[in-house]
1. Here are labelled values, (1) -0.95; (2) -1.06; (3) -1.28, and one is the computed log10 I(q)/I(0) by the Debye sum over Cα atoms at q = 0.17 Å⁻¹ for what I pasted. Which one?
2. Compute the label zone of Thr47 within region 66-106: residues whose backbone N is under 16 Å from the point 7 Å along Cα-to-Cβ.
3. Quick one: which residues, 5 or more positions from Asn110 or on another chain, have an amide H under 5 Å from its amide H? H modelled 1.01 Å from N in the peptide plane, none for Pro or chain starts.
4. Have a look at Pro31, Pro115, Ser130 and report the one farthest towards the positive end of the charge dipole of the chain, computed about the Cα centre with Cβ charges (Lys/Arg +1, Asp/Glu -1).
5. What 222 nm value per residue comes from the helices of the chain, counting each DSSP H run with n ≥ 4 as -39,500 (n - 2.57) and dividing by all residues, nearest 500 deg cm²/dmol?
6. Taking the chain as the reference, fit the longest principal axis to its C-alpha atoms, fit the long axis of helix 85-96 to the helix C-alpha atoms, and give the angle between the two in degrees, 0 to 90, nearest 10.
7. Just tell me which aspartates and glutamates come within less than 18 Å, Cα to Cα, of Lys98; anything on the same chain fewer than 8 places away is out.
8. If one computes the Cα centroid of region 118-158 and of region 30-51, what distance in Å separates the two points?
Amino acid sequence: MSAAIPELAPQSELFVNFRFGVFFFAGGVVPNPLDIRFKKVTGLSATVKTTPLEEGGQNLYTHALPSRVEHGNLVLERGVVAASPLRLDFHAAMSLFKFAPSNVIVTLFNEAYTPVSAWFFTRAFPVKWSTADLDAEPKKPLIESLELAYARMQTIKV
């Protein structure tokens, strides 16, 4: 007896990309309630790398065999915050070369702020910090960029 496969409802709603939150879990468990708001998140991507295999006598093409999945770094942008647990983690990594990997969840919300999609990053750690140029002309917030490497990215069905 085979189980019926439920049909997926057609996707009638397109989601906007400006309602999101970033949630850090120190030690993989304890949530950080302060560092959740960011201006921009980039690096949500995965690429399957391939290894070419040439077949003897075949000169028209080369086989491409999947070999591994590679991910880019997760890059977060926000206004500079004077004191926060995430900033302390970046300071420890960049100044003391001490790392405390944490798990990170990036969540996309709909208009009612209900989660509609999420990405889970395991054992994320700081690899780059930068700030925008200091400029006396414009009255804009000072933006910092925080870049994280991680062991694995997994899409979470919400």
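The values are calculated or read from the model by the stated rules, or taken from the named source; none is laboratory data. Since the structure is predicted, the reported quantities are computational estimates derived from the model, not experimental observations. Heads up, the Cβs are rebuilt from the backbone with ideal geometry, glycines too, and the neighbour counts pull from every protein chain shown. These area figures cover heavy atoms from the full protein model, side chains too; ligands, DNA and RNA do not enter into them. Shrake-Rupley method; radii C 1.70, N 1.55, O 1.52, S 1.80 Å.
1. Looking at log10 I(q)/I(0) by the Debye sum over Cα atoms at q = 0.17 Å⁻¹ for this model, the match is (2).
2. Output list for this probe position: 66-75.
3. Residues meeting the amide H criterion: Val116.
4. Towards the positive end, the residue furthest out is Pro31.
5. Value at 222 nm, helices only, nearest 500: -2500 deg cm²/dmol.
6. For 85-96 against the chain, the angle is about 90 degrees.
7. In chain and number order, the partners are Asp89, Glu147.
8. Each part reduced to its Cα centre gives a spacing of 7 Å.
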